[in-house]
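Read through the structure below, which is laid out as structure tokens, and then see the notes.
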Amino acid sequence: MRVFISTVVLFIVWVILTQSFDPQELFTGLIVAAVVSLISPAIASDKPKKWFQPKRYVYLIIYLFYFIWEMIKSNIDVAKRVVNPKLPINPGIVKVKTKLKTNAAKLALANSITLTPGTLTVDIHDEWFYIHWIDVSNCDDVNRSCQEIVEGFEKYLEVIFE
Amino acid sequence: MSSILIIVFSLISIATLLSTIRIISGPTIPDRAVGLDTATTITTAMIVLFAQIFHRAIYLDIALVYAILAFLGVIAIARYLEGGM
Amino acid sequence: MLWYEIIGIVMIIIGAIFLFLGALGIIRMPDVYNRMQAGTKATTLGALSVIMGVGIYHPAWIFKTGIISLFILLTNPVSSNALARAAHNAGIPLYEKSVVDKYAEDKEKIRAEEEKQNG
């Protein structure tokens, strides 16, 4: 089952890359996808059931739109700072806590943080994220305003990956 | 279309030049690596634009392979800086 | 010109502007972490916008450009994350006006735990 899912995903990528429905190419692609997913167990999903829950895909699409919107906002923010002659930055590294457990979810959260307003993930250690923030507002206590960085994404990623 | 492409290419060329300045001048090695990372991303976009100009879809494959190699290169530099190699 | 060609051209121009601003950012910012902020975010969106713009201009290429954009979206933050971590572990200091550095405070604890896990 696990091998089957990664074979299907790899096969879809193959079809998009070759862009042909010639039976010979499809057959070759199927064999290559099957061999690759057989010899590399690391890319297989740990819980195959997750792939058959439509709710995850709906949230994934909503999340994509939310994420692109956040990314555009962050870019306008960075562009303003770069163009401003005074260079208004107030940087520092803060740490925030996440509820997410699985590695895939943590990777998606770290990537999302890096691409959104003024934040860059430096390191992940267990449930703690160390985040370089271009404009640190006051957050002396760990559980205060810094958590806002992750909370917007967490509620979507929790449904998609957990 | 061609006048727009001239503007687009001038902007991208200046961007490449600026990141090259960072690669040459950067006071520390991570600074240079950041310049390299930026330059490769810009180059990937540029190859895709070349595909558009010459109407060759095959250049898109080159852009994909270039993106993969650039990613591996930057990861290798990062591992080396950390002392993992 | 067709309507989708106009959308494609507008996206290419916006992307080129963001690529330029990202490169300007890595020149103007004072330390390596802030350079990474400007470099990663602005160039990622700029490259995505240019690549998807070309895909919209040539609708036959949209899937392939989609794959390239997805790849850039996944790998660019990872490489800047790896670089930031490597720079911090190599002892590159933060900008002198930085406010706080929780990572430096916790680093010894993290190293000790990692060594315990690795035996």
Q: Considering every residue within the range A:42-65, establish whether at least one is in contact (Cβ under 8 Å) with a residue 40 or more places away in the chain and in contact with a Pro (Cβ under 9 Å, 6 or more places away or on another chain).
A: no
Q: All but one of (1) in a helix (DSSP H, G or I); (2) in contact with a helix residue (DSSP H, G or I) (Cβ under 9 Å, 6 or more places away or on another chain); (3) within 9 Å of chain B (Cβ to nearest Cβ) hold for C:A60, so report the exception by its number.
A: (2)
Q: Determine, yes or no, whether B:I53 is more than 8 Å from every other protein chain (Cβ to nearest Cβ), over 21 Å from C:G22 (Cα atoms) and loosely packed, with under 15 Cβ neighbours inside 10 Å.
A: yes
**Q.** Where a residue in the range A:101-124 is more than 24 Å from C:P93 (Cα to Cα) and its partner, wherever it lies, is among the polar types (S, T, N, Q) and part of a strand (DSSP E or B), with Cβ under 9 Å and at least six apart
**A.** A:L109/A:T121
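Give me a count of the residues in the range C:1-46 that are among the basic types (K, R), in contact (Cβ under 8 Å) with a residue 12 or more places away in the chain and either facing chain B (nearest Cβ under 7 Å) or not in a helix (DSSP H, G or I) (or both).
0
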(Q) Just checking, does the range B:25-37 include any residue being without any contact (Cβ under 8 Å) to a residue 40 or more places away in the chain, in contact with a Gly (Cβ under 7 Å, 6 or more places away or on another chain), more than 9 Å from every other protein chain (Cβ to nearest Cβ) and surrounded by 14 or more Cβ atoms within 10 Å (Cβ to Cβ)? (A) yes
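Just so you know, all these numbers are worked out from the coordinates, no wet-lab data involved. These figures come from a predicted structure and were not determined experimentally. Here Cβ is always computed from backbone atoms with ideal geometry, including for glycine, and neighbour counts include all displayed protein chains.
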